[in-house]
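A short write-up of the structure that comes next.
The values are calculated or read from the model by the stated rules, or taken from the named source; none is laboratory data. Only a predicted model underlies this, so the values are computations on that prediction, with no experimental measurement involved. Heads up, the Cβs are rebuilt from the backbone with ideal geometry, glycines too, and the neighbour counts pull from every protein chain shown. What goes into the accessible areas is simple: the full protein's heavy atoms, side chains included, and nothing from ligands, DNA or RNA. Shrake-Rupley method; radii C 1.70, N 1.55, O 1.52, S 1.80 Å.
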Amino acid sequence: METQSIMGWNRQWRRIVPLLGLIAAATWAPIIQAADDPLIMGVFPRRNAAETTKLFTPMADYLGEQLGRKVNLVTARDFDSFWQGVTEQRYDVVHYNQYHYIRSAQNYQVIAHIEEFGKSTISGVIYARKDSGITALAQLRGRTVLFGGGEDAMISYIANRYLLLQAGLKKDDFKSLFAVNPPNSVLALQRRQSDAAGAGDGVLDLPMVRKAINTDELTVLAVSAPLLQLPVAVKRTMPAKQRASVQSILVNLKNSEAGKRVLNSAVLTGMGTAVDKDYDPHRQIVRAVMDPADPAKR
């Protein structure tokens, strides 16, 4: 009787084991598949979507080749739609401005910063037309200032608002308008659509700007202190090994011919490593300028 029971149990076990295998395979399949899903690389609309795609597609492709995993580039038509992507954590790797990083640091970890024109820092600059008669920030009282991007543009708006604040001009002392991006702000200024423009110190050197206007017609009214350049961050949920790989690939772009071609395509001269505390000076400016209700100021 006991022998029959044992034999019956063995037969049952032989049927159960394959079933358990099928259950395990079904359970782990989504996890394995998810690991092979493309990484999403988001780039903020510092330039228009078409140009951003052209500039950064080679970087996404190269990153994917080096990681052995496809990387899809995603752009946005404006800052609001891009920021929605950040808040919803749609991007695995994201290149954005310093204010974006400060606000999203709970979910994203900075790993690198860009270098432009051989510089790892960028300053806010307020421009005017040379023939406007405006030579000092105080003269902008009651006038129109066109900022590149929106109120979340760290350099074009926030750093330049800090310059105006230091010159004694509060938010209501001048009229603020916003261009889609920094290049458009100086293009509009040159075409007399505002009295001044807020952008970054490298905007006049951008090919799209130099081809469109005579930059010699513009003058600099004020320049902010240099701040560490725009960051690249990854989701904090990204595995440490993969995070380190992404960082290494980006920081070492300038050390190979293929990497240099990627940088040239993006109008960059390199990337450097970055950590959270590197953006503390930016946080101080944000606290001085932004509304107390803003989460980045708290």
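Accessible surface computed residue by residue for the chain, with neighbouring protein chains in place and a 1.4 Å probe, gives 49 Å² per residue. For the range 227-283, the alpha carbon positions stretch 34, 29, 14 Å along the principal axes, listed from largest to smallest.
Kindly give Rg over Rh for the range 82-121, based on alpha-carbon atoms, with the Kirkwood expression for the hydrodynamic radius. Let's see the in-between values first.
Working: Rg = 11.1 Å, Rh = 11.1 Å.
When Rh is taken as the Kirkwood radius, the ratio is 1.00.
What translational diffusion coefficient, to the nearest whole µm²/s, does the range 47-111 have by Stokes-Einstein, given a Kirkwood radius computed over alpha-carbon pairs, a temperature of 20 °C and 1.002 mPa s viscosity? After rounding, the answer is 169 µm²/s.
For the range 107-194, the alpha-carbon coordinates run over 43, 25, 21 Å along the three principal axes, in decreasing order. Extension gain, Glu151-Gln284: 0.36 nm per intervening residue step, less the Cα-Cα distance, totals 46.3 nm. What a 1.4 Å probe finds exposed on the chain is 52% carbon and sulfur by accessible area, rounded to a whole percent. Evaluated at q = 0.14 Å⁻¹, a Debye calculation over the C-alpha positions of the range 161-217 (equal weights, vacuum) places log10 I(q)/I(0) at -0.41. Here the label points at Arg77 and Asp276, each 7 Å from Cα along the C-beta direction, are separated by 3.6 nm in the simple model. Under 18 Å from a label point set 7 Å out along the Cα-to-Cβ vector of Ser248, the amide N atoms of the range 97-127 belong to 111-113. Plainly put, the range 157-298 has a radius of gyration that is 1.02 times its Kirkwood radius, both from alpha-carbon atoms, as the Rg/Rh ratio. Helical runs (DSSP H, four residues minimum) scored at -39500 (n - 2.57) apiece and divided by the length of the chain put the mean residue ellipticity at 222 nm at -13000 deg cm²/dmol. At full extension, Arg236 and Glu257 could sit 4.5 nm farther apart than now, given 0.36 nm per residue minus the alpha carbon distance. Working from the Cα coordinates of the chain, the gyration tensor eigenvalues give, after taking √(5λ), semi-axes of 50, 21, 15 Å in decreasing order. Once the C-beta distance of Asn107 and Asp173 is scaled by a Förster radius of 51 Å, the resulting FRET efficiency is 0.90 to the nearest 0.05. Modelled spin labels at Asp36 and Lys130, positioned 7 Å past Cα toward Cβ, are 6.1 nm from each other.
Quick one: of the DSSP bridges fully inside the chain, what percent are antiparallel, nearest 5?
60 percent
Only Cα pairs under 8 Å and 6+ residues apart enter the sum, and on that basis the relative contact order of the chain stands at 24 percent.
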